[in-house]
Structure formats: C-alpha cells, structure tokens
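**Student:** Got a structure for you, written out below as structure tokens; questions coming shortly.
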Amino acid sequence: GFGKMKTNCYWQWALLMSLLCVVGTQKELPPAENVHLLNPEEYKLVLNLDQKDYPSDCFEIWESSGGQARDGIYMIQPTKSALVVFCDMQSGGWTVVQHITVNSSVDFDRTWQDYKVGFGSITSDHWLGNEYLYQLTNKGGQYKLGIKLVDKDAVTKFGEYDPFRVESEESQYKIRLGLFEGTAVDALSQDTEAYLHDNQKFTTKDRDNDNFYQNCAKLEYLGVPGGGWWYDACAGANLNRRNVIYWQKDCNKEHICKYAWMMVRPTDRVKVIKTGSCQRDEL
Ligand SMILES: [Ca+2]
C-alpha cells in the first residue's frame with residue numbers, strides 16, 4: 001500500500017544522497033599516492049590542487065612564481081608518484097622530506113614499509129618516504145640535502161650536502177652525500193665520532209642493514225628506540241629518534257634541540273660566464 005511506497009522513496013532518496021556525498025568527497029581528495037600524510041580537514045589546504053600538470057618539486061613552483069610562492073602544502077610529481085609535500089618557500093623553494101619535534105607525538109619507531117611510503121602529518125612531524133626520496137633525487141639533475149636544526153633557545157643552524165642522492169629499494173635506499181657546507185658541524189660524512197653515515201644503507205626495526213652486531217634501529221635511549229636511519233654501528237647523527245634529536249656537536253643529550261628539518265632542492269645551476277667571445281663553464 002501507500003506505506004510501502006513511501007519507504008521505497010525514502011531509500012531511493014537516501015541512496016542518491018549518499019552517492020552524492022561519495023562523489024563530493026572524492027572530488028576533494030588530492031590524487032596523491034601519499035594522501036595518508038594529510039588529515040581530511042587539510043585537503044582544502046593544498047595550494048595547487050587545480051593545476052593540470054603538477055610541478056616536479058617545490059623549487060619549480062618557487063622559481064616560476066619569481067620567489068613569491070608562499071610556504072604550505074603543494075602537489076608535486078617528481079616522476080611516477082604524485083605527492084603532497086610541505087614546501088619551505090621562504091628559504092628558496094625547498095621540498096621538506098622530514099620534520100621532527102623533540103618528544104613528538106608521532107611514532108618514529110616504524111617498519112621498513114612505513115619508512116618506504118612515509119608517515120606522520122605533512123603539516124607537522126613526518127617522514128616523506130624513502131621511495132619518494134629515491135624518485136626525487138634520481139629524476140635527472142642533481143639534488144642537495146638541507147638540514148635545519150633549532151635548539152631550545154631558538155638558535156638555528158643549517159647544513160647542506162651537495163650533491164645528495166638516495167638509491168633504490170634494491171640498494172636498500174643507500175644514501176650518497178657530497179660536500180658539506182653550513183653553520184652546523186657535519187655529522188653524516190665526517191667520522192668525528194667514528195660513525196660514517198655516507199654510503200650506508202637504510203635500517204629499520206624489521207630490516208637490519210647496519211654494521212652493528214645488533215639492530216641499531218632497536219637500540220633504546222630512555223626506553224625509546226632509534227627509529228629508521230642510515231646507520232653505521234650505530235650513529236653520529238640521527239634525526240629520527242623521537243626523544244633526542246641527535247646531530248653530534250650541535251644537538252645531543254647535553255644540548256637539546258627542539259626541531260629538525262630535512263629538505264631537498266636542485267643543486268644551484270652551473271653559471272656560464274661570458275668573457276668576450278670565449279665562453280666557459282665555471283665549475
Ligand atoms: Ca646489525
């Protein structure tokens with residue numbers, strides 16, 4: 001009778017509404033492979049979602065904006081994967097690949113798979129992902145790695161490794177570092193503590209590639225394991241230990257650092273100097 005028809009109509013209406021909802025939500029969802037690093041309420045914060053072809057990194061956005069682009073969340077596509085990343089535009093178009101706050105609520109004691117595809121939150125503490133570090137630094141053109149350390153008195157130190165490359169998963173995401181420059185003391189390629197991180201494979205609690213008889217990622221300090229890193233046997237620097245940001249001379253148990261960032265940017269281009277009719281590359 002009449003009652004039954006009314007029920008049918010209601011269910012048709014409910015189905016239609018829920019379909020509309022699904023379509024509506026899908027439209028907002030950024031088409032990024034690492035969308036798990038964004039909270040749903042942050043979808044609307046992606047600054048270039050409407051762009052047709054995504055830029056390959058933050059530097060490209062910064063450059064094409066004439067240095068005017070603002071800090072924030074952007075879509076990039078280095079090679080295969082479209083990604084959401086945080087761009088540090090004020091320092092010249094850096095793509096942030098790691099950020100940690102001391103005693104972070106984000107757990108950095110993670111598996112190989114987590115370190116591969118990234119974890120945490122783009123707007124706060126996170127690891128972008130070894131696979132994406134690989135894609136960024138192997139797409140052609142040299143990259144450099146930037147390190148930014150802020151201590152408890154808000155004193156900021158910088159460091160740069162130029163060039164910087166992370167090898168493929170087959171090579172266990174081995175790190176390759178060039179010359180160091182900066183206000184911080186080199187803690188990855190200099191063996192002042194007898195630990196050398198350059199050319200080391202990545203180690204996580206479930207994959208031991210380090211040079212220690214145990215797994216460095218599992219070694220605890222005050223009950224907190226080290227997390228994934230390019231360990232030697234074990235570390236002269238480790239920015240993924242949640243309770244102590246460690247950078248040899250600059251950040252340690254005695255000298256507490258509050259924040260660290262790791263970021264990448266293309267190497268400054270070779271300048272071509274014209275001297276009369278003669279052209280030469282300045283290396
Ligand atoms: Ca080991």
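The values are calculated or read from the model by the stated rules, or taken from the named source; none is laboratory data. Since we're looking at a predicted model, the values are computed, not measured. Here the Cβ positions follow ideal geometry from the backbone for every residue, glycine too, while neighbour counts run over all protein chains shown.
**Student:** Here are the criteria: (1) within 30 Å of ILE256 (Cβ to Cβ); (2) modelled with pLDDT of 95 or more; (3) in a loop (DSSP other than H, G, I, E, B). Tell me which single one GLN68 does not satisfy.
**Tutor:** GLN68 satisfies every listed condition except (1).
**Student:** While we're on this one: Looking only at residues that are under 23 Å from PRO163 (Cα atoms) and in contact with a strand residue (DSSP E or B) (Cβ under 6 Å, 6 or more places away or on another chain) in segment 103-125, which one is surrounded by the fewest Cβ atoms within 10 Å (Cβ to Cβ)?
**Tutor:** Result: GLY118.
**Student:** Collect the residues in segment 132-170 that are touching a helix residue (DSSP H, G or I) at 6+ places or on another chain (Cβ under 9 Å) and surrounded by fewer than 17 Cβ atoms within 10 Å (Cβ to Cβ), keeping them in residue-number order.
**Tutor:** Within segment 132-170, PRO163, SER168, GLU169 meet the criteria.
**Student:** Name every residue in segment 51-77 that is surrounded by fewer than 19 Cβ atoms within 10 Å (Cβ to Cβ) and more than 20 Å from TYR132 (Cβ to Cβ), in order of residue number.
**Tutor:** Those that are surrounded by fewer than 19 Cβ atoms within 10 Å (Cβ to Cβ) and more than 20 Å from TYR132 (Cβ to Cβ): LYS52, GLU63, SER64, SER65, GLY66, GLY67, GLN68, ARG70.
**Student:** Of all the residues that make up segment 34-71, how many are charged (D, E, K, R) and under 14 Å from the mean Cα position of the chain (by Cα)?
**Tutor:** Of the residues in segment 34-71, 1 are charged (D, E, K, R) and under 14 Å from the mean Cα position of the chain (by Cα).
**Student:** Only residues that are in contact with a helix residue (DSSP H, G or I) (Cβ under 9 Å, 6 or more places away or on another chain) and not β-branched (Val, Ile, Thr): list them for segment 55-76, please.
**Tutor:** Passing the criteria: PRO55, SER56, ASP57, GLN68, ALA69, GLY72, TYR74.
**Student:** Additional query: Going by the structure shown, is ARG265 away from the ligand (no atom under 16 Å from the Cβ) and in contact with a helix residue (DSSP H, G or I) (Cβ under 8 Å, 6 or more places away or on another chain)?
**Tutor:** yes
**Student:** Here is a further query. Picking from GLN200, GLN214, which residue would you name as being within 13 Å of the ligand (Cβ to nearest atom), part of a loop (DSSP other than H, G, I, E, B), under 14 Å from CYS234 (Cα atoms) and in contact (Cβ under 8 Å) with a residue 12 or more places away in the chain?
**Tutor:** Matching residue, one of GLN200, GLN214: GLN200.
**Student:** Checking PRO266 against (1) in contact with a Gly (Cβ under 9 Å, 6 or more places away or on another chain); (2) surrounded by 12 or more Cβ atoms within 10 Å (Cβ to Cβ); (3) modelled with pLDDT under 95: exactly one of these is not met. Which one?
**Tutor:** Among (1) in contact with a Gly (Cβ under 9 Å, 6 or more places away or on another chain); (2) surrounded by 12 or more Cβ atoms within 10 Å (Cβ to Cβ); (3) modelled with pLDDT under 95, PRO266 violates only (3).
**Student:** Can you say whether ASP232 is touching a residue at least 60 places away in the same chain (Cβ under 8 Å) and within 13 Å of the ligand (Cβ to nearest atom), as far as the supplied structure shows?
**Tutor:** Answer is no for this residue.
**Student:** Report yes if TYR221 is more than 16 Å from the ligand (Cβ to nearest atom) and more than 23 Å from PHE86 (Cα to Cα), otherwise no.
**Tutor:** Spelling it out, TYR221 is indeed more than 16 Å from the ligand (Cβ to nearest atom) and more than 23 Å from PHE86 (Cα to Cα).
**Student:** Given the conditions (1) closer than 22 Å to GLN51 by Cβ; (2) touching a residue at least 12 places away in the same chain (Cβ under 8 Å), report the number of the one that GLU131 does not fulfil.
**Tutor:** If we test GLU131 against (1) closer than 22 Å to GLN51 by Cβ; (2) touching a residue at least 12 places away in the same chain (Cβ under 8 Å), just (1) comes out false.
**Student:** Restricted to segment 149-197, and to residues that are free of Cβ contacts under 8 Å to residues at least 12 places away in the same chain and acidic (Asp, Glu), which residue is nearest to the ligand (Cβ to nearest atom)?
**Tutor:** GLU170
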